[in-house]
Amino acid sequence: MSDNKDKVDKKIRNKVRFFMVMFIISLTLAINAIFTEMVPARFPLIAFFIGLGAGLILSRIQKITWDKDGERIVKEFDLVSGILVFFLILLLIFKEKIVHQFVNFPKINSIIFSLNAGIMLGRTILIRHKVIKILRNNA
């Protein structure tokens, strides 16, 4: 992606950067929650892989195409990302009321942050894969 930087729309590059920053922050917070709350690692790992799968599925919805006129990769408006961030924020705010019914309270933080990290990594992986595939086909 770095060789063809000018062929990739700035919005796509910024979105991938945002997802990577969110992944790093969420992963750091999940690891911190695991050690401070003394949570067995299996619960956050399961949440991470569920999030990874969800992120891959959510990224398949997004359309990234080659713009012949502008000769670069563009994306359509992505409502899914906005909705996803909205629900993740709601989940963090109301975690005790929503998640506490399914998970013991000390595990909640590590699970939420692991789930978010998985989603962000899954979205990043598939977006980069789509961009690389389009660049190879149009190079």
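The values are calculated or read from the model by the stated rules, or taken from the named source; none is laboratory data. Bear in mind that the values here come from a model prediction, so they are computed numbers and not experimental data. Every residue, glycine among them, receives a Cβ derived from its backbone with ideal geometry; neighbour counts consider all protein chains shown.
Take the conditions (1) at pLDDT 80 or above; (2) under 29 Å from residue 66 (Cα atoms); (3) touching a helix residue (DSSP H, G or I) at 6+ places or on another chain (Cβ under 7 Å); residue 21 misses just one of them, which is (3).
Residue by residue, here is whether (1) at pLDDT 85 or above; (2) over 21 Å from residue 26 (Cα atoms); (3) out of contact with any helix residue (DSSP H, G or I) (no Cβ under 6 Å at 6 or more places or on another chain) holds:
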{"residue": "49", "(1), (2), (3)": "yes, no, yes"}
{"residue": "61", "(1), (2), (3)": "no, yes, no"}
{"residue": "72", "(1), (2), (3)": "no, yes, no"}
{"residue": "98", "(1), (2), (3)": "no, no, yes"}
{"residue": "104", "(1), (2), (3)": "no, no, yes"}
{"residue": "108", "(1), (2), (3)": "no, no, no"}
{"residue": "114", "(1), (2), (3)": "yes, no, no"}
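Within region 24-36, how many residues turn out to be over 18 Å from the mean Cα position of the chain (by Cα) and either aliphatic (A, V, I, L, M) or modelled with pLDDT under 80 (or both)? Going through region 24-36 one residue at a time, the tally reaches 2.
None of 85, 39, 80 is outside any helix (DSSP H, G or I), of a type in the set (Val, Ile, Thr) and modelled with pLDDT under 90 except 39. For region 116-132, residues that are modelled with pLDDT under 85 and surrounded by fewer than 16 Cβ atoms within 10 Å (Cβ to Cβ) total 1. Residues in region 11-61 that are closer than 13 Å to residue 110 by Cβ and basic (Lys, Arg): 42 alone.
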